[in-house]
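Engineer: Dumping the structure here so I can ask a few things about it.
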Amino acid sequence: MFQLNLSNPIEPLNAGLFVSPGYGTHDTRIVDSYELLFVVSGTLKMFEESEQFAVQANQTLILCPGLKHGGAAPYQPDLNFYWVHFRVREAGTGTVGLSVPKLAPVADPEFLVELFCQYISDQEEELRAETTIGSARELGFSHLVTLMLCEIGSDVPHTTEALRSRTVTMRQRSIANRVQKYIDSRFRESIGTTSIAAELGYSTDYLERSFHHARGHSIVEALHDRRVSEARMLLRGSGRKNISEIAFACGFSDPRYFRRVFKRITGLTPGQFRSLYSRTHINTH
Amino acid sequence: MNNDLSFQIANPVEPIAGSLEVSDSAVVKPLRLRECHVLLFVSRGNVCIGSAGSHIRVNAGKTLLIDPEPSRRLRIAADSDTEHYLLWFRRPDCGSEFDLRVSSRLLGIPALATARRPERLTYLLRRYLHQQERRGSSRLLRAGLLVLILREVAMSGTTEAVDPPEENWPNTIVSRVDAYIAAHYSEQIGTIDIAAELRYNPDYLERAYRHLADLSIRDAIHLRRVHEAAAQLLLHREYNVSEIATMCGYNDVNYFRRVFKKAMNSTPNRYRHGASADGPRARKRNTRVSA
């Protein structure tokens, strides 16, 4: 048997999804653990000691142990956020430093949501199992939180960005950004490389080449990524839309094609994906 | 921003590369070990791994972990219509053992195993490949995914068939009941309210839930309340036990104490104070709070 030492200085306590009841304010308190908050929708207004934070959707905030924190304003009705409490043990050698911004936007929010969902569903499963927790499970929690921190922070700040800027011109980068913005706002409609090029006033070939050079993948792949990421969100959601409805809602006109693309990107069929995330834990205070 | 926080995290494995191989017709190729460990997961079809003398057959849904053996030449043979994943990784610096100032936790990973949750494993592997493809993705992020992948494999060896069979509707019943309990545990709820809310006959719902979750709905409500209370006890030291009992849906604090003691094997007060002390026992309880 292969033995792997997975000791981890990150020691999580518990996690959950907070759904705003539309009233009330976050308690003012001092706790002895870190808290990572990830806002899914709405804005969370918090203070820590004398600092104020307005955490927008798809942003994270980390609160530190021993400092007084609390809500700076009542909960907005559309506010949803994930939270996890964790402690940090003193680490010896064999660890790596990770720098995490206190308040930061998340590059891939859907992935972070999935990490939280995995955490929460493992937590539920463990609750139900009632047996002593296997070390594999226990370790899973700390590594899930570690992965969340990796997703937010970075070990090599900005070096890759600097590398890229040497070969990609400003013009290509700005074209790629415009294409991405266009995809983000219109992916639900039936758009493609040709219609994007026409809309932005470039030739299809030039646009495709510039985008590919800046991003390392094609416009169609970017469009598929965006659509599948929307589908992942809808599949996790509680609304029981069927797969075809979800395909249409994400801009795919053919549900079978949607299945194929979804499977290529995630490795799972939409149905399998849905059953992965069928459990949630919600708190409202 | 200069108020970045800095964390020390463990990096027990060093990811080298990953690939997904899809073959329509049968192929035989050399398998490069690159002085790495290699994890194979077959998601469809059959794959054979071997050298001149011996070989091992890996069917769909199984994983195989290969140790680095520089002297051996391995071949990988895939039947027609197969799909498999390969991950190459190393342990950083085998000489100096990992030193965390806690007892080390070893995870045993079986060489040949059946994935307990093949979907989860597939999804993690895809995320890994996705990260690998993207430019400038963090190495630590890939290392973290790799740990989760290895953990999935480890779980397949230690526990078998803990999950209820993967049918869609019954999971939905359990998860809908759990979601309702999670949202309403602080109120006075019982099986009848849940059945009315979810539009099931109470007897049927009770039977179905008990069958699938191996737990009565009443016990599930108690467990949820107790775990919530346990978390509150640690997080809100300014509240006393009876306030916490009320917050978690118990009007009678003595009743709460009894239920808590039965579930957690400790009284609420002892739990609160025991958890702040150090020591393996306390740590273990902390993780059980997880709710």
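Just so you know, all these numbers are worked out from the coordinates, no wet-lab data involved. Keep in mind it's a predicted model, so treat the numbers as computed, not measured. Don't worry about glycine lacking a Cβ; one is built from the backbone with ideal geometry, like all the others, and counts go over all protein chains shown.
Engineer: Could you compute the net charge surrounding residue B:80? Neighbours are other residues with a C-beta less than 12 Å from the C-beta of residue B:80; K and R count +1, D and E count -1. Walk me through the intermediate numbers first.
Structural biologist: Details: positive: B:44; negative: B:24, B:79, B:81, B:83.
Value of the local net charge: -3.
Engineer: What is the distance, in nm, between label points placed 7 Å from the Cα along the Cα-to-Cβ direction at residue A:76 and at residue A:56?
Structural biologist: With each label point 7 Å from Cα toward Cβ, the separation is 1.0 nm.
Engineer: With an 8 Å cut-off on Cα pairs and a minimum separation of 6 or more residues, tell me the relative contact order of the stretch A:10-152 in percent.
Structural biologist: Working: 266 pairs, mean separation 44.1, N = 143.
Over the stretch A:10-152, the number comes to 31 percent.
Engineer: Another question, then. Could you work out the mean count of beta carbons from other protein chains within 10 Å of each residue's beta carbon in A:144-153? All intermediate terms of the calculation are to be shown ahead of the outcome.
Structural biologist: On the way: counts 4, 3, 10, 9, 1, 6, 10, 4, 1, 8.
Mean shielding count: 6.
Engineer: Here's a follow-up. Quick one: B:14, A:199, B:238, fewest Cβ neighbours within 10 Å first, how do they rank? Numbers along the way, then the final one.
Structural biologist: Working: B:14 17, A:199 13, B:238 9.
So the residues, fewest neighbours to most, are B:238, A:199, B:14.
Engineer: In straight Cα distance, which lysines are under 23 Å from residue B:261, not counting same-chain residues fewer than 8 positions off?
Structural biologist: Partners found: B:284.
Engineer: Sticking with this one: Using a cut-off of 12 Å between beta-carbons, work out the net charge of the residues near residue B:15 (Lys and Arg +1, Asp and Glu -1, residue B:15 not included). Don't skip to the end; give the middle numbers.
Structural biologist: Values: positive: B:90, B:91, B:139, B:142; negative: B:14.
That sum, taken over residues with Cβ under 12 Å, equals +3.
Engineer: Evaluate the Debye formula for the stretch A:10-152 with equal point scatterers sitting on the alpha carbons, no solvent, and hand back log10 of I(q)/I(0) at q = 0.09, 0.19 Å⁻¹, in q order, two decimals.
Structural biologist: Taking Cα atoms of the stretch A:10-152 as identical point scatterers yields -0.28, -1.21.
Engineer: Highest mean first, how do B:261-274, B:120-133 rank when packing is the count of other Cβ atoms within 10 Å averaged over residues?
Structural biologist: On the way: B:261-274: 16.0, B:120-133: 20.0.
Output ranking for B:261-274, B:120-133: B:120-133, B:261-274.
Engineer: Please state the shape class of the stretch A:159-276: rounded when a/c is under 1.5, otherwise prolate if a/b exceeds b/c and oblate if not, all from the C-alpha gyration tensor.
Structural biologist: Prolate shape, in that a/c is at least 1.5 and a/b is the bigger ratio.
Engineer: Another question about this same structure. Using a basic spin-label model with each label point 7 Å from the Cα along Cα→Cβ, how many nm lie between residue B:187 and residue A:248?
Structural biologist: Going by the 7 Å Cα→Cβ label model, 3.4 nm.
Engineer: Within the set of other residues whose C-beta is less than 15 Å from the C-beta of residue A:64, count the net charge using Lys and Arg as +1 and Asp and Glu as -1. Display every interim value, and only then the final one.
Structural biologist: Details: positive: A:29, A:68, A:87, A:102; negative: A:32, A:35, A:48, A:49, A:51, B:4.
Net charge in that neighbourhood comes out at -2.
Engineer: Order these peptides, B:33-41, A:116-124, B:146-154, by their mean beta-carbon neighbour count within 10 angstrom, highest first. Mind dumping the intermediate values first?
Structural biologist: Working: B:33-41: 19.4, A:116-124: 21.9, B:146-154: 24.9.
In descending order of packing, they fall as B:146-154, A:116-124, B:33-41.
Engineer: Amide H of residue B:74 versus every other amide H placed in the peptide plane: which residues, excluding those fewer than 5 positions away on the same chain, fall under 5 Å?
Structural biologist: Residues meeting the amide H criterion: B:31.
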